[in-house]
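Presented below is the structure to which this report refers.
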Amino acid sequence: MIWLIGCNGNLGSEIAWLLKRDGIPFCGTDSSVDITEYETLKAYTADKSLEWIVNCAAYTDVDKAEDDRERAFSVNETGARNCALIAREFGARLIHISTDYVFDGNTAVPLSEDAPVNPLSVYGKSKEAGEQAVREVLDDYYIIRTSWLYGRGGQNFVNTMLRVLKERPLVKVVCNQKGTPAWARDIASVIFQIIEKDDVPFGTYNCSNSGETTWYDFACTISEEAGKKGLLPLSCAVLEACTSEEYAARAKRPAYSVLSKEKICRTLEISMPDWKDSLICYLESLCDD
């Protein structure tokens, strides 16, 4: 049995879709089963036979976390530790989702899994603490770091852009932070392969789409491609580039957080789709609905 935690979020909903498609039995939970409470998790899993735990649950509001440190660490560190403890108790394999925000971005080359971590924000620090908690509890684990994640199941940059481009005359977007978007369906497919293969070496893996872009160029591509597909009106907001200093977000983000996918592509013998191609596929899926 697979236990999918955070089954209604951007990534969890895509993993659930793949599992349902292939008729693989799983149980999915959302915030109704609080991962910050170990006894709650024990009670929920008492009558289950777990082989895999996939933890997609997280506190992801990067700016709000700056003033909500206790809750961010409770979910992202304590929650991760509790999931690892349950995995150890059942002898199950844990897949835990982490983020590019564990890095400080003071580089100009794609970051490998063993690059030094140095998170700049409370969110990044809480996710890095979650990684460490998993490693302290388990010898065998999968930590999947992804970046700029978007999909149907939750709040994300693409869905926000599709909304604000209709609502505002002008939208300012940061142009001096570079990374790689990740369509949740592509990341879910990788996780699905790890479960299916059942012999992938344990460890930490980076996983996003290929290529790199800035938030501003990402927004421009969203606007252009969504416009072509009729998801945006002919006259929508003007996009204006600004620096992160001008934008003055509450939390500091890494200036460069492009993840190297060499390890996971080599291990699974796959290639990750280009971020633009995946964005177009995502927008097409919205049109199909």
Counting only residues in region 179-231 that are of a type in the set (Gly, Ala, Ser) and under 20 Å from PRO254 (Cα atoms), the one surrounded by the fewest Cβ atoms within 10 Å (Cβ to Cβ) is identified as GLY211
Subset of region 141-184, residues under 21 Å from SER210 (Cα atoms) and basic (Lys, Arg), comes to ARG145, ARG152, LYS178
- request: Looking only at region 245-254, decide whether some residue is among the hydrophobic types (A, V, I, L, M, F, W, C), in contact with a strand residue (DSSP E or B) (Cβ under 9 Å, 6 or more places away or on another chain) and surrounded by fewer than 17 Cβ atoms within 10 Å (Cβ to Cβ).
  value: yes
| Is it the case that GLU66 is more than 16 Å from GLU131 (Cα to Cα), touching a helix residue (DSSP H, G or I) at 6+ places or on another chain (Cβ under 6 Å) and assigned to a helix (DSSP H, G or I)? | yes
Here the qualifying pairs (Cβ atoms under 8 Å; residues six or more apart or on different chains; first in region 265-289 and farther than 16 Å from LEU231 by Cβ and without any contact (Cβ under 8 Å) to a residue 12 or more places away in the chain; second among the aliphatic types (A, V, I, L, M) and outside any helix (DSSP H, G or I)) come out as CYS265/MET272
Those residues of region 40-58 which are among the charged types (D, E, K, R) and in a helix (DSSP H, G or I) amount to LYS42
Restricted to region 29-77 and to residues being polar (S, T, N, Q) and in contact with a strand residue (DSSP E or B) (Cβ under 8 Å, 6 or more places away or on another chain), the residue farthest from ALA248 (Cα to Cα) is THR45
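Let's see how each residue does on (1) among the aromatic types (Phe, Trp, Tyr); (2) more than 21 Å from TYR150 (Cβ to Cβ); (3) modelled with pLDDT of 95 or more:
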| site | (1), (2), (3) |
| --- | --- |
| GLU240 | no, yes, yes |
| GLU246 | no, yes, no |
| LYS263 | no, yes, yes |
| LEU268 | no, yes, yes |
| SER271 | no, no, yes |
| TRP275 | yes, no, yes |
| ILE280 | no, no, yes |
*Out of curiosity, is PHE90 free of Cβ contacts under 8 Å to residues at least 40 places away in the same chain and of a type in the set (Phe, Trp, Tyr)?*
no
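The values are calculated or read from the model by the stated rules, or taken from the named source; none is laboratory data. Fair warning: this is a prediction, and the values are worked out from it, not measured in the lab. Quick reminder, even Gly has a Cβ in these numbers, built from the backbone with ideal geometry, and neighbours come from all protein chains shown.
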